[in-house]
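Note sheet for the following structure.
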Amino acid sequence: MLSGNANTLRGMTDAEKPLDANSLQAHAAARLQLYDTASHAVSRFVPIVPGKVGIYVCGATVQSSPHIGHIRAAVAFDVVRRWLLRLGYKVTFVRNVTDIDDKIIDKAAAAGQQWWERAYFYEREFTKAYDALGVLPPTYEPRATGHVTDMVELIGRIIDNGHAYVVRDENGEPTGNVYFDVASWPRYGELTHQKRSAGVDAAAEADEAAAVADRMGPSVDAAGGDKYNPVDPADASPDKHDVRDFALWKSPKPSDPPTARWRTPFGIGRPGWHIECSAMSHRYLGDMFDIHGGGLDLRFPHHENEMAQTKAAGWNSAARWMHSAWVTAKGEKMSKSLGNGLSVPAVLAQDTAWVVRYALGSVQYRSMLEWSDQTLAEARSAFGRISNFIERAGIALADFGGQPPREEITAVPADALPTDFVVAMNDDINVSGATAAIFTAIRSGNTLLASLAAESGQTGSAKGGQTGSAQDGAGQADQTSQAAADAPTIAGAEKTADGATTEDLLRNTLISVRAMLDTLGLDPLAEPWVGEAVGTGSISAGAGPSEHEVLDTLITEQLAARARARKTKDFAKADAIRDSLNAAGIAIEDGPNGSTWSLA
Ligand SMILES: [Zn+2]
């Protein structure tokens, strides 16, 4: 399964060594394959500019609280981004905020709010949800209302190129309505291959997720409308030349507040939804960029229209379009009718953010994610196995600096990760395969921990404990060889003949496991999760009674080793054990009946 030196961690763990970006991209990055909605095919990813990737992902329309469907899309593209970063690319990631829209205006009016008051309020809720779930902040996060001049200029270009028309009144004055002229653009439909007769049931069979999505129908909100692709009243206008034409600019409805109107050469009004993303992606990513992402719901008409507009303006559109599938509950598309239990705050009240993130990222982005008690139970169980290993390994490596610092984890390049993980991530971000690779490495790490425990049991009192030297002699080399035989997938295991100790191997495995988890946004010691619960500064997120028991077993083991060290007058070793427990936030109290521990 593993081959050669691609997964050797030993060279990589010199944190001083600068990463060689060229060589990174010559290896794992050259084998990245991603799906493209337009071609219905997985193909090799080749960046437009070597070493750089530009991504635009459609962000939220900030009209109400985020639910896990929104966040699933955010997590899916966060994992894509993290993999590209791990491959050594410089990534520019743009995610917009749609802060003006019919629903925002209508809901704000109903609630007696200014429309921007509502938009800012929910924008902050989304930001909080993204932060809580470890979604990296975008490089740029433009608001639609900040780019009206870009939109006006873009609409002007499309009109000048003959692909849009301004609706005029009986006096020849512009009304504020501008429509895209679909009939003038023969390439219309090249993204989703909708038939001329329109209707979303015509998606090509090749795109399985799209076909499933079309069968399930739109996301229905409380009012019965499609909440991702709302019917725009402007699109129902009799002034359109063709039913497929869509609004680029819209004259105000009588109920629109004066603050939601802009004066333009084609009349007073506000932007259509699709034009916003064409303008903002061009502003920040230029004439052509690598990846345009969004939820499956946005494929049609939003992205189809966006692609047509951008190209009709004389610019190139994204080279690749990627869509994340949605969240289902009992096999049905999740929608508002299922209640508010799936809002992000409600979900986070039940489980730790790490567990929710794991559950949201547990299947490949193109697969429907079934949200159930079982999904969460599996995530909790994964947390137990992962945190158990990382915590025990950190304690076992107390004499070797303990838990490796975050900088060392983030510096691990893709080429230094286990081959099975790299292959899975390069296979259109196959997170199931990647997760399996993480658990394979954890099993190997647990074998190393067991041989370390056996070692200390056999030699602990006779040798007076180990002081951390990596050159402990032949006896230890034998142990190491045995551990290597038990753990054939450990990175660098084949180097044991060169004198690597079991601790070296364990440290490499620990770094490897945490770096793989970090690629999925799940290193339990990364900032979003640390201190999430019980505050040990260690692996405590999600600690419940069973994790307390695990902790008790591990610490009792350490206290026994400390007692043995004191008995043989190896006070340096005894102090090192106490210090490492203290560093992990565990306080030790010595009493007449032995030592007890508590969380500091
Ligand atoms: Zn968009």
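Taken together, the values in this text are just the output of simple stated rules run on the coordinates, not laboratory data. None of these values were measured; they are calculated from a predicted model. Don't worry about glycine lacking a Cβ; one is built from the backbone with ideal geometry, like all the others, and counts go over all protein chains shown.
Points worth noting:
- In this simple spin-label approximation, LYS90 and GLU190 carry label points 7 Å from Cα along the Cα→Cβ vector, and these lie 3.0 nm apart.
- Available extension along the chain between GLN113 and ALA560 is 154.6 nm, counting 0.36 nm per residue and deducting the alpha carbon span.
- Theoretical gain in end-to-end length, GLU370 to SER255 [0.36 nm per residue, Cα-Cα removed]: 37.4 nm
- Of ASP373, ASP78, ASP181, the sequence from fewest to most neighbouring Cβ atoms within 10 angstrom is ASP373, ASP181, ASP78.
- Backbone N under 12 Å from the LYS128 label point (7 Å along Cα→Cβ), restricted to segment 64-93: 65-66
- With neighbours defined as other Cβ atoms within 10 Å of a residue's Cβ, the residues ARG357, ARG566, ARG507 order from fewest to most as ARG566, ARG357, ARG507.
- Legend: distances between Cα atoms for LYS107/LYS253; LYS103/LYS250; LYS52/LYS128; LYS107/LYS250; pairs beyond 22 Å are LYS52/LYS128.
- Cα shape, segment 372-456, gyration tensor, a/c 1.5 rule: oblate
- The gain in end-to-end length when the PHE121 to THR139 segment is fully stretched comes to 4.3 nm, 0.36 nm per residue minus the alpha carbon separation.
- Part-to-part distance (alpha-carbon centres) for segment 42-78 and segment 110-125, which is given in Å: 24
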